[in-house]
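The next block holds one structure in the form of structure tokens; read it before the comments.
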Amino acid sequence: MTQKLTWSFSAGSAGGALNTTGSTEVDAVFNAGVELDANMANASSLALQIDDVAKVKLLAISSSLNDGKVEVKGSGNAIALTGPMVLYGAAVSLFATDLSTIKVQNKSATVPATLTILVGLALGA
């Protein structure tokens with residue numbers, strides 16, 4: 001059964017602003033949280049078990065640390081999180097061509113982090 005996944009984004013300063021909202025129909029939504037220890041020597045694998053990226057309508061990853069010490073890696077280079085990463089539609093494939101597993105790492109010497117991941121899937125896509 002499909003459900004409506006709604007989203008909104010707002011950012012701005014005195015120089016300009018962007019405010020947008022929308023929705024998309026998805027068949028499944030999952031939300032996961034993972035705790036990352038401080039001072040991880042190596043990246044850990046996080047199983048998302050999504051092999052067909054074309055089915056992903058929304059991928060959002062946020063961290064409790066936004067200082068660039070937490071990194072996530074799909075198919076390309078690792079991305080240091082300095083805020084939430086939100087990818088919609090075809091943009092998801094810019095991060096990963098396969099989301100079976102992603103790599104996560106917390107390079108902060110003293111502060112543990114929490115990663116939150118939200119995925120919206122259209123299984124019939």
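Put simply, when 90-99, 7-16, 52-61 are sorted by average Cβ atoms within 10 angstrom per residue, most first, you get 52-61, 90-99, 7-16.
Packing around the peptides 112-120, 70-78, taken as the average count of other Cβ atoms within 10 Å per residue, puts them in this order, highest first: 112-120, 70-78.
Across the chain, the volume of the C-alpha convex hull divided among the residues equals 109 Å³ per residue.
Every number in this text was worked out from the coordinates using simple rules, so none of it is lab data. Model, not experiment: these values are computed from the prediction. Don't worry about glycine lacking a Cβ; one is built from the backbone with ideal geometry, like all the others, and counts go over all protein chains shown.
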